[in-house]
């Protein structure tokens with residue numbers, strides 16, 4: 001037990017010295033489960049993923065079709081608003097920026113913000129420029145395995161910090177929705193579920209933007 005404690009403290013001090021530990025955060029070696037409500041069921045025969053709003057044409061993918069989209073792998077540090085941070089996490093999924101680059105989604109000029117729509121009506125908002133960054137992923141896998149139900153299976157939004165990429169905005173981890181079902185591209189910002197409940201709208205981890 002003591003060896004584990006000292007290893008964790010050594011790791012935490014190392015990432016702090018590397019400038020990777022945001023203010024007010026502490027390293028965890030676990031992967032805490034935090035969400036509102038129950039874990040939804042998943043039926044691959046009826047599941048779909050949709051895009052709509054300020055796009056030339058609404059899009060829809062079945063589960064089989066979604067899994068044929070171009071894949072990407074990302075190693076990121078993730079930071080929860082409840083003050084835990086987990087480092088060098090490995091994710092696999094689909095980059096929204098790739099869907100735009102390949103013409104699978106064609107935006108109208110009015111598109112400036114994005115609402116993530118998840119099961120049970122849960123929503124999370126982000127600026128378009130963050131959704132299109134390299135550190136935002138529509139993730140199906142974590143650490144080489146499909147997501148577990150508690151962590152958003154079959155699909156979740158994931159946003160984190162890529163080490164040594166100071167040019168990328170890094171919001172807190174709640175800004176990626178579990179059990180994701182669609183993206184709505186919007187001309188104006190609207191607050192999502194937790195933002196309406198008092199959480200900070202921008203949620204920059206380096207500025208400790210936890211609550212509004």
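The values are calculated or read from the model by the stated rules, or taken from the named source; none is laboratory data. In this text the structure is predicted, and so the values were computed from the model without any measurement. Glycine gets a Cβ as well: all are built from the backbone with ideal geometry, and neighbour counts include every protein chain shown.
Some points to look at:
- When the criteria are applied in full, residue 133 meets the requirement of being without any contact (Cβ under 8 Å) to a residue 40 or more places away in the chain and crowded, with 19+ Cβ neighbours inside 10 Å.
- Screening the candidates 162, 105 for the property of being touching a helix residue (DSSP H, G or I) at 6+ places or on another chain (Cβ under 7 Å) and touching a residue at least 24 places away in the same chain (Cβ under 8 Å) yields one hit, 105.
- Output for segment 48-64, where each listed residue is part of a loop (DSSP other than H, G, I, E, B) and in contact with a strand residue (DSSP E or B) (Cβ under 6 Å, 6 or more places away or on another chain): 54, 58
- Any hit, segment 159-169, residues being surrounded by fewer than 18 Cβ atoms within 10 Å (Cβ to Cβ), closer than 22 Å to residue 58 by Cβ and touching a strand residue (DSSP E or B) at 6+ places or on another chain (Cβ under 8 Å): no
- Any chance residue 49 is under 16 Å from residue 174 (Cα atoms), modelled with pLDDT of 95 or more and in contact with a helix residue (DSSP H, G or I) (Cβ under 6 Å, 6 or more places away or on another chain): no
- Filtered residue count, segment 173-201, keeping only those that are more than 23 Å from residue 153 (Cα to Cα), in contact with a strand residue (DSSP E or B) (Cβ under 7 Å, 6 or more places away or on another chain) and part of a loop (DSSP other than H, G, I, E, B): 6
Yes/no matrix, rows are residues, columns are (1) closer than 25 Å to residue 172 by Cβ; (2) loosely packed, with under 14 Cβ neighbours inside 10 Å:
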position: 58; (1), (2): no, yes
position: 63; (1), (2): no, no
position: 73; (1), (2): yes, yes
position: 94; (1), (2): yes, no
position: 115; (1), (2): yes, no
position: 141; (1), (2): yes, no
position: 149; (1), (2): yes, no
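- Qualifying residue in segment 65-79 (condition: free of Cβ contacts under 8 Å to residues at least 60 places away in the same chain, under 13 Å from the mean Cα position of the chain (by Cα) and either in a strand (DSSP E or B) or within 23 Å of residue 127 (Cβ to Cβ) (or both)): no
- Flag for residue 51 being more than 15 Å from the chain's Cα centre (by Cα) and surrounded by 12 or more Cβ atoms within 10 Å (Cβ to Cβ): yes
- Test: residue in segment 3-21 that is closer than 30 Å to residue 122 by Cβ and either surrounded by 12 or more Cβ atoms within 10 Å (Cβ to Cβ) or modelled with pLDDT of 90 or more (or both): yes
- Within segment 170-207, the set of residues being surrounded by 16 or more Cβ atoms within 10 Å (Cβ to Cβ) and farther than 30 Å from residue 66 by Cα comprises 199, 200, 205.
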